[in-house]
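The values are calculated or read from the model by the stated rules, or taken from the named source; none is laboratory data. Here the structure is a predicted model, which means the values were calculated and not measured. Cβ sites come from the backbone with ideal geometry, for glycine too, and all protein chains shown count toward neighbours. Ligands, DNA and RNA are excluded from the accessible area calculation, which covers all protein heavy atoms including side chains. Shrake-Rupley method; radii C 1.70, N 1.55, O 1.52, S 1.80 Å.
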Amino acid sequence: MKIEIRNCPSTLAGSFETYSQEAVKKLFDGESVSPLLDFNLDERKISENVSASLNRISVSGVQEKFPAVIDSGKIRIAEIGERSTHILKPSPWDATISFRKEIPANENLTMQIASQVYGISTAANGLCFSKNGQQIYITRRFDISSEGKKFNMEDFSVLIGKNEHLLGTYFKYDGCYADIAKVIRQMSSEAEKDLVRFFNILVFNYIYANGDAHLKNFSLIFDYDNKCKLSPAYDLLNTNLHVKDNDFALDGGLSSEIEKSDIYISSGHPCRLDFERFGTFIGLSACDIKSVLNHYMNIPKRSIQLVSNSFLSEKMKRNYLRIIEERTKRFIRKSV
C-alpha cells in the first residue's frame, strides 16, 4: 500500500515527505531514517523472536510495545539480547476500541501539542508506517543515553507503594494527584521546578482529555549520582476520542482534602478555581499557578494548526477540536 506523507510524521511541520531535520535530530540523534518499515506488525503473525523481545520491556494498557533499534537508516525490531533505543506502538488489537487505528496519530499529535505549544518536556516521538499502511507510533527511549547507557527509572505506583498484589488489577488508579506531588517534593533534586512541570502536565491532561494519566504514567528518572527528577512526559493522548472516561484517571482525583468549587460540585467537572486550589495545596507560588493556568484559557492557534497537520482522519480532527473546546469551556467557568 502506498503511503502518502505530506507533513513531517513527527513534528507535523508542513510540506515534508519524510521526517524534518528537527525530527531527525530529536528522534534519531541526527541519523536520516525512513518512516517506511519493510515489515508488518500483524496481530496474527507475531514471530517467536518478537514475542520473546516483548517480554523485555513493560507492556501496559491495551497497546503492545515492541523494542526497536535504528539500523542503517531503517527501523527494525530489536533482537533478543540487543538493547533497544526506541519503542514501537501499533494501534491496539482490541477491535472493541472505537477508532483504534487512529490511536498512534492521536498520541503523536497530543505529544507534539504538549511540547510545541505548552513547553512540556516530552519523549521524542513520531509515526512510522508498516508495509500494509498501518500507522505505528514510535518513541525514543529517554532512559537510554546516546552512548547506550541506561538510567534507572521508577514510576509512581512503585514510589507510592501501590501494586497488583495488594490492590488488585486496577492498582495504578488508586490514589490522587496530590500523592504524586508529595513524592516529587520529597525525592526530586529539582522539586520546585518539577512540581510546576507536574502541575502543567496535569492541567494539560484535563484540557486535552487524557483520562488515562494513572500512577504508572508518571516517573522519576535517576542520574548516575542517584539524583532524580521528573521524567519527560509520555503516553499523552486524547483518550476521550476512543473511550468514555472520567476527567481524571486516579480514583481520588486532585485530592480529597481540597474543597471543591461550587461548579465542580454541581456539574461534576472542575474549573480553573479547583486547579488554583490544587496548586496552592501542593505548595506552588501564586505566580507559578497563574502562569500555568493562563495558558489554558483558550485554544492556541498553534494547537489548531497541529490538529490540521496531523495524521488523524478529517472526522477525528473535528472530534479532537470539539472535545478540547468543551474542556476549555468547563475550565474557564467562573465559580461564585
Taking segment 232-257 and the residues there that are surrounded by 19 or more Cβ atoms within 10 Å (Cβ to Cβ) and of a type in the set (A, V, I, L, M, F, W, C), the one that is farthest from the chain's Cα centre (by Cα) would be Leu254
All conditions in (1) touching a residue at least 24 places away in the same chain (Cβ under 8 Å); (2) within 20 Å of the chain's Cα centre (by Cα); (3) buried (at least 19 other Cβ atoms within 10 Å of the Cβ) are true of Pro67 except (1)
Selection from segment 111-160 of residues on the phi > 0 side of the Ramachandran plot and either open to solvent by 40 Å² or more (accessible area, probe 1.4 Å) or aliphatic (A, V, I, L, M) (or both) yields Gly119
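For segment 90-110, which residues satisfy the criterion of being surrounded by fewer than 21 Cβ atoms within 10 Å (Cβ to Cβ), under 17 Å from Phe66 (Cα atoms) and charged (D, E, K, R)?
Step one: of segment 90-110, the residues surrounded by fewer than 21 Cβ atoms within 10 Å (Cβ to Cβ) are 92-101.
Within this subset, residues satisfying the condition of being under 17 Å from Phe66 (Cα atoms) are 92-94, 101.
Within segment 90-110, Asp94, Lys101 meet the criteria.
Could you tell me how many of the residues in segment 3-28 are among the basic types (Lys, Arg) and free of Cβ contacts under 8 Å to residues at least 40 places away in the same chain?
As a first pass, look at segment 3-28 and keep what is among the basic types (Lys, Arg): 6, 25-26.
So of that shortlist, the ones also free of Cβ contacts under 8 Å to residues at least 40 places away in the same chain come out as 6, 25.
Of the residues in that region, 2 qualify.
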Only one of Tyr206, Tyr264 is at pLDDT 95 or above, more than 20 Å from the chain's Cα centre (by Cα), under 20 Å from Gly175 (Cα atoms) and open to solvent by less than 40 Å² (accessible area, probe 1.4 Å), namely Tyr264
query = Taking the condition open to solvent by 10 Å² or more (accessible area, probe 1.4 Å), of a type in the set (D, E, K, R) and at pLDDT 95 or above, does Lys229 pass?
reply = yes
Just one listed residue, out of Ile3, Ile46, is open to solvent by 30 Å² or more (accessible area, probe 1.4 Å), farther than 30 Å from Thr169 by Cβ and modelled with pLDDT under 95, and it is Ile3
Could you tell me whether segment 306-322 includes any residue that is open to solvent by 50 Å² or more (accessible area, probe 1.4 Å), in a helix (DSSP H, G or I) and not charged (D, E, K, R)?
yes
His214 vs (1) buried (at least 21 other Cβ atoms within 10 Å of the Cβ); (2) touching a strand residue (DSSP E or B) at 6+ places or on another chain (Cβ under 8 Å): all pass except (2)
